[in-house]
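Comments concern the structure below.
The values are calculated or read from the model by the stated rules, or taken from the named source; none is laboratory data. Note that the structure is a prediction, hence the values are computed from the model and not measured. Here the Cβ positions follow ideal geometry from the backbone for every residue, glycine too, while neighbour counts run over all protein chains shown. For accessibility, only protein heavy atoms count, side chains too; no ligands or nucleic acids. Shrake-Rupley method; radii C 1.70, N 1.55, O 1.52, S 1.80 Å.
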Amino acid sequence: MALIYIVEDDDSIREIEEFALKNAGHNVLGFPDAKSFFNKMDDIIPDLVLLDVMLPDLNGNEITKKLRRNSDTKKLPVIMVTAKTGDIDLVKGLEDGADDYIRKPFSVMELISRVKALLRRSEPEEIKIIEMDELILNNEKHKVSIGDEDLDLTYKEYELLQYLLINKGIVLEREQIMENVWGTLYVGESRTLDMHIKTLRQKLKDYGSRIRTVRNVGYVIE
């Protein structure tokens, strides 16, 4: 399940894209213009962006170039959706940083297939071993240890610790953690996150204090 942003000013097309991708199991948010899209990007970065070329405030090519100039979104998967059929227009979109393109009109099956393929290509290679001093998370053996002592973590505690360690030193928003560990954006479920942080801290013993709460934002491991 991925978080996908759709930037499309045509309400009917955006609704079709949202409906199709939600039915395919993804979390989807739609935006009619670049301004609302970038406002949301300040809150949480998605796994993929479906981007129309012709928009009322900033065209898709300029949006893509702006994304590529930002270190946080430099590698963000982008699919351009365009009514333009000329090869020059399509090449320009790819040169500006788009990963793929879809011509309008398109079929729902083509849309889902293109999104699935790009997400698959964009999946990061799994890190086999993550270390923080004597705390070691081993993905090959699916175990966590401190020195010679193995820790007994639940599946979600393991995933939560892994996500924190991969982003060591980075403050993660609650919504980011919920999306990446639990696959939901529903903030009302964040009590689940708090309880898992609590039990994880206890099981990590002295290392538990290295998971720091950032008030009104989320958590960071340092």
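Quick notes
- Charge context of residue 214, other residues only, Cβ under 12 angstrom, K/R +1, D/E -1: +1
- Surface accessible to a 1.4 Å probe, per residue, for the residues of the chain, Å²: 56
- GNM on the chain, alpha-carbon springs under 10 angstrom: the most fluctuating residue among 174, 120, 212 is 120.
- Rg(Cα)/(2.2 N^0.38 Å) for the chain, N = residue count: 1.16
- Taking every C-alpha pair closer than 8 Å and separated by at least 6 residues, the mean separation divided by the residue count of the chain gives a relative contact order of 13 percent.
- Only beta bridges with both residues in the chain are counted; by DSSP, about 50 percent of them are antiparallel.
- Ranked by the mean number of other Cβ atoms within 10 Å of their residues, highest first, the peptides 60-71, 132-143 come out as 60-71, 132-143.
- Counted charge near residue 40, where neighbours are those whose Cβ lies closer than 12 Å (Asp, Glu -1; Lys, Arg +1): -3
- Carbon and sulfur %, accessible surface of the range 89-174 computed with the full protein complex present, 1.4 Å: 49
- Overall, the chain carries a charge dipole of about 220 debye about its Cα centre when +1 sits on the Cβ of Lys and Arg and -1 on the Cβ of Asp and Glu, all other atoms neutral.
- Farthest positive-ward along the chain dipole, Cα basis, beta-carbon charges - from 83, 218, 25: 218
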